[in-house]
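K.L.:
One structure coming up, written as structure tokens, with questions to follow.
Taken together, the values in this text are just the output of simple stated rules run on the coordinates, not laboratory data. Please read all numbers here as calculations on a predicted model, not as lab measurements. Using ideal geometry, Cβ is built from the backbone for each residue, glycine included, and neighbour counts are taken over all protein chains shown.
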Amino acid sequence: MARLCLVAAALCLSLTACAAKTAPTTPSTTTAPACTVAITPTFGGVTVGSVVRLTFVATGAPPGGTYEWKIASGDDHIELIWRGATAFVKGLKPTAGTGAGATIRVTYHCPSGGTQQAIAGVRVD
């Protein structure tokens, strides 16, 4: 578990569970290459105006697919902005004491036609 405190935003964000892979949601019946995706947090905030955001990068294989990011849980605690393989997460209010953090999910649409997903947890202190 890595912890990144964002002093400028008066928030402390903790990152957990970097990449939990799941089975493809669209099985392939051909001998296409295996499709995988993983999420990697980058430990350093990006400042956009006066707001600091955490950055996550997804890596899909084989290359050539497309990415789609969503907040899987805790949408009242974080804001997600994404483009392609990169997502920025901004903490809105603490998740401490709620019994759960927030979760983001990336879906990789493989060039072979299948999909693969990975998740990452975010806690706002």
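K.L.:
Using a basic spin-label model with each label point 7 Å from the Cα along Cα→Cβ, how many nm lie between Lys93 and Glu68?
P.N.:
2.9
K.L.:
Go through 116-125, 62-71, 86-95 and give me the packing order, highest mean Cβ count within 10 Å leading.
P.N.:
Top to bottom by mean Cβ count within 10 Å: 116-125, 86-95, 62-71.
K.L.:
For a Förster distance of 35 Å, can you work out the FRET efficiency between the beta-carbons of Glu79 and Thr36, rounded to the nearest 0.05?
P.N.:
0.80
K.L.:
Apply the Debye scattering formula to region 49-95, with a single equal point scatterer on each alpha-carbon and no solvent, then give log10 I(q)/I(0) at q = 0.14, 0.29, 0.30 Å⁻¹.
P.N.:
-0.40, -1.12, -1.16
K.L.:
Can you check what the net charge comes to around Glu79, using other residues whose Cβ is under 11 Å from the Cβ of Glu79 (Lys, Arg +1; Asp, Glu -1)?
P.N.:
Taking every Cβ under 11 Å from that of Glu79, the sum is +1.
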